[in-house]
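Data block below; observations after.
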Amino acid sequence: MEAFARPAGRGLSHRRRNTVTAYLFILPTIVGVTVFMVYPLISSAFHAFTKWDGLSPARWTGLDNFRYMLFDDPTFWPSLRATAYFVLLSVPSGIIFGLALAVLLNRVVPGVKLYRTIFYLPVVLPSIAVLTLWKYIYDPLYGLANQLLSDLRLPTSQWLQSPHMAMPAIVIIGVWGVGGSMIIFLAGLQNVPVEVYEAARTDGAGTVRMFFAITLPLITPIMLLQLVLGLVLAFQAFNQVAVLTNGGPGTSTTLFMYKIYSDAFGSYPNLGLATAEALILFVIIMIITGVTLKTSSMWVFEETK
Amino acid sequence: MTMPATTTTYPPSQRLDPSPDLVTKRRIPLSRRVPMTLSRVSWYLLCSLLAVTMLVPLLWMISIALKPDSNILQLPPQLLPRTFQWSNFIRGPEQIQFPLLLANTVTVTALSVFGSVASSMLAGYAIARIRFPGRNFWFYLFTFSIFVPGIVTLIPIQRMFFAMHLIDTWFPLILPSFFGNPVFIFLARQYFTSIPRSIDESAMIDGAGHWKIFTRLMIPLTKPLWITMTIMAFQASWNDFLNPLVYLNSESKYTLSLGMANFMGGLNEATPQFNYYMASNLLYMLPPLVLFFFAQRYFMMGLGTLGVSQK
């Protein structure tokens, strides 16, 4: 340990030196959190009440942005509705399919690791690569989707070009990438002690009974985590729309994130409106995750230690 | 309904290390070894069917990447290429100056991975292992920023870089990562907290300062932690689309995500270079795939740990 010897006796006391070192270590992060979080939040909170195009100085207009959003903006409510639809379709399907796969693959048999790898594979691929691939899959003429459907004598679809199918088509891509949720559930399932199952079996419980009476209650904490993560991410979905549909057809896939992006960086930058919308999104996410966490005690199983 | 305590505790140094395989090292109940309602054969059938369904889009992509030009607009579309046109892997990338975009992406990714891992490791170490006034305050502030959606901060930050004349440069993509990543700091703090105090106390008695303890002792001890962070940071940067979209204008500065989206957007029946496109797209997927196969255990557990460590 000679290598660690340091010259004895610096002017500072041990405690003082510790504090200085610690602040040097976290200095980059303090700068980061100030410049990239605190300042932008304050700036947004101010600019939401201004007319601001990013070039000329912002002009205070009070609640104008909010009044415009609520009453005059033709795409505000449709985009909120599209976002709600997306969240309601994608979050539960992620949890249900993720859990189903995890239960299926929570076995010790030869080859199970290969299956886990295959199901996890889409999660690793870059989102743009995946989305552009699916854009081609959904092509009504040349795409794989319709080709397979017609081979199976099933009705085909216009997919992304149909106002009714565009959103489900986007959600299907998310289900394809359900491996991430599967891995989290798998880790949770493997924490369920085998003794509990053994005891239940001696009492004559069947597989289905054991799943609903033991497995499901014990993994509710993981489910809560998935739910909160899923909600936060779903409300901020953007790439899908930017790559696949540009919000169309009509406003059927205009997710709120995409609307904010278009208002901020589109042909007619309206940064005041966009920051106001971003704040609304923030508040919606806070309220929904808050309600989820508050009501979770009703269904999340607490271990008694 | 009372249950015995269930948490499996791994030795602290292995908390992020997936090597104690989540299943195989534990006693297996009969019920899991022999499926009850499904026979083993139908389990394999079901899993294989699902696996094939998952893989079909990728296999189809490979098939298109190999199709000759004349095959692309053929109706009904063919599942397999008539002949294999390997030159797609040369001509496709040429279309978007793939080597240039690759170099751009590698530069941006390498710098932001280094920046975020280094700055977050330092912050995580300081918060976990140095007692100093304000450490809880800073930790809570860093953690809080995890919950602020990116779009709220994006607009002011974009204006900031605009005022600094840094639009259409890579600085906005790289610079922020040098100032700590809140999720990484959270992970690092957890991990550093689990390392026994006696380790650095003895080094301290020998006269080592925190910098020496950090670089000589902690970095080797926390290999699983920073490998995990590196993988996550690599993925985030390699896949990032929104930031390049907001900050980059000239195509010569594009990253691959932007270049690929642009390439696909320009394709239609008039310029049916879908085979070129898919060949390039496969090349774009390759680095994360290679990383995945080499670092598979870290990949699988990166997410898994997040789920379990909350207990």
> Does B:Phe234 qualify as being open to solvent by 10 Å² or more (accessible area, probe 1.4 Å), within 12 Å of chain A (Cβ to nearest Cβ) and either under 27 Å from B:Ile155 (Cα atoms) or part of a helix (DSSP H, G or I) (or both)?
Replying inline: yes
> Out of (1) in a loop (DSSP other than H, G, I, E, B); (2) free of Cβ contacts under 8 Å to residues at least 12 places away in the same chain; (3) more than 8 Å from chain A (Cβ to nearest Cβ), what's the single condition that is false for B:Ala103?
Replying inline: (1)
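Okay, residues lined up against (1) part of a helix (DSSP H, G or I); (2) within 28 Å of A:Gly98 (Cα to Cα); (3) open to solvent by 20 Å² or more (accessible area, probe 1.4 Å):
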{"site": "A:Ile222", "(1), (2), (3)": "yes, yes, no"}
{"site": "A:Val243", "(1), (2), (3)": "yes, yes, no"}
{"site": "A:Thr253", "(1), (2), (3)": "no, yes, no"}
{"site": "A:Tyr258", "(1), (2), (3)": "yes, yes, yes"}
{"site": "A:Gly272", "(1), (2), (3)": "yes, no, no"}
{"site": "A:Ile285", "(1), (2), (3)": "yes, yes, no"}
{"site": "A:Leu293", "(1), (2), (3)": "yes, yes, yes"}
{"site": "A:Glu302", "(1), (2), (3)": "no, yes, yes"}
>> If I filter the stretch A:168-195 down to residues being over 20 Å from A:Arg116 (Cα atoms) and open to solvent by 20 Å² or more (accessible area, probe 1.4 Å), which single residue comes out as farthest from the chain's Cα centre (by Cα)?
In response: A:Glu195
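The rows are residues; the columns are (1) more than 29 Å from the chain's Cα centre (by Cα); (2) open to solvent by 20 Å² or more (accessible area, probe 1.4 Å).
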{"position": "A:Thr50", "(1), (2)": "yes, no"}
{"position": "A:Asn65", "(1), (2)": "no, no"}
{"position": "A:Met69", "(1), (2)": "no, no"}
{"position": "A:Trp77", "(1), (2)": "no, yes"}
{"position": "A:Arg81", "(1), (2)": "no, yes"}
{"position": "A:Ala84", "(1), (2)": "no, yes"}
{"position": "A:Ala102", "(1), (2)": "no, no"}
{"position": "A:Leu105", "(1), (2)": "no, no"}
{"position": "A:Val108", "(1), (2)": "yes, yes"}
> When you look at B:Ile213, is it at the interface with another protein chain (Cβ under 10 Å from one of its Cβ atoms), assigned to a helix (DSSP H, G or I) and touching an Asp or Glu at 6+ places or on another chain (Cβ under 8 Å), yes or no?
Replying inline: yes
> Among the listed residues A:Leu281, A:Leu216, A:Leu233, which satisfies the condition of being touching a residue at least 24 places away in the same chain (Cβ under 8 Å) and assigned to a helix (DSSP H, G or I)?
Replying inline: A:Leu281
> Taking interchain pairs and intrachain pairs at least six residues apart, which have beta carbon atoms under 7 angstrom, with the first residue in the stretch B:143-166 and among the hydroxyl-bearing types (Ser, Thr, Tyr) and the second open to solvent by less than 30 Å² (accessible area, probe 1.4 Å)?
Replying inline: B:Ser145/A:Val33; B:Ser145/A:Met37; B:Thr153/A:Met37; B:Thr153/A:Pro40
>> Being more than 13 Å from A:Leu125 (Cα to Cα) and more than 9 Å from every other protein chain (Cβ to nearest Cβ) is the filter here; which residues of the stretch B:260-293 pass it?
In response: B:Asn262, B:Gly266, B:Asn268, B:Ala270, B:Thr271, B:Gln273, B:Asn275, B:Tyr276, B:Ala279, B:Ser280
> Tally time: how many residues in the stretch B:212-231 are of a type outside the set (A, V, I, L, M, F, W, C) and open to solvent by 40 Å² or more (accessible area, probe 1.4 Å)?
Replying inline: 6
> Going by the structure shown, is B:Pro149 within 30 Å of A:Ile260 (Cβ to Cβ) and modelled with pLDDT under 90?
Replying inline: yes
>> Just to be sure I understand, how many residues within the stretch B:128-156 are part of a helix (DSSP H, G or I) and either more than 7 Å from every other protein chain (Cβ to nearest Cβ) or open to solvent by 10 Å² or more (accessible area, probe 1.4 Å) (or both)?
In response: 17
> Regarding A:Tyr120, is this residue facing another protein chain (nearest Cβ under 8 Å), open to solvent by less than 20 Å² (accessible area, probe 1.4 Å), under 30 Å from A:Pro78 (Cα atoms) and part of a helix (DSSP H, G or I)?
Replying inline: no
>> Let me spell it out: the conditions are (1) open to solvent by 20 Å² or more (accessible area, probe 1.4 Å); (2) farther than 30 Å from B:Ala103 by Cβ; (3) β-branched (Val, Ile, Thr), and B:Ile195 meets all of them except one. Which number is the exception?
In response: (1)
> Quick one: A:Gln236 ticks every box in (1) within 8 Å of another protein chain (Cβ to nearest Cβ); (2) open to solvent by 40 Å² or more (accessible area, probe 1.4 Å); (3) over 17 Å from the mean Cα position of the chain (by Cα) bar one, so which box is it?
Replying inline: (3)
> Scanning the stretch B:79-109 for residues that are under 24 Å from A:Pro140 (Cβ atoms) and open to solvent by 60 Å² or more (accessible area, probe 1.4 Å), which turns out modelled with the highest pLDDT?
Replying inline: B:Leu80
> Within the stretch A:97-143, can you find the residues that are modelled with pLDDT of 90 or more and charged (D, E, K, R)?
Replying inline: A:Arg116, A:Lys135, A:Asp139
>> Given the condition under 21 Å from A:Ile30 (Cβ atoms), facing chain A (nearest Cβ under 10 Å) and modelled with pLDDT under 95, answer yes or no: does some residue in the stretch B:198-209 qualify?
In response: yes
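A quick yes/no check of all residues on (1) in a helix (DSSP H, G or I); (2) among the aliphatic types (A, V, I, L, M); (3) modelled with pLDDT of 95 or more:
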| position | (1), (2), (3) |
| --- | --- |
| B:Ile174 | yes, yes, yes |
| B:Gln190 | yes, no, no |
| B:Ile195 | no, yes, no |
| B:Ser252 | yes, no, no |
> Does any residue in the stretch A:79-98 that is over 15 Å from A:Gln240 (Cα atoms) come within less than 6 Å, Cβ to Cβ, of a residue that is modelled with pLDDT under 95 and not in a helix (DSSP H, G or I) six or more places away or on a different chain, and which pairs are these?
Replying inline: A:Gly94/A:Val178; A:Phe97/A:Val178; A:Gly98/A:Val178
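The values are calculated or read from the model by the stated rules, or taken from the named source; none is laboratory data. It should be emphasised that the depicted structure is a prediction, and the values quoted were computed from it without experimental measurement. Cβ sites come from the backbone with ideal geometry, for glycine too, and all protein chains shown count toward neighbours. When the accessible area is computed, the model is the full protein with side chains, heavy atoms only, and any ligands, DNA or RNA have been set aside. Shrake-Rupley method; radii C 1.70, N 1.55, O 1.52, S 1.80 Å.
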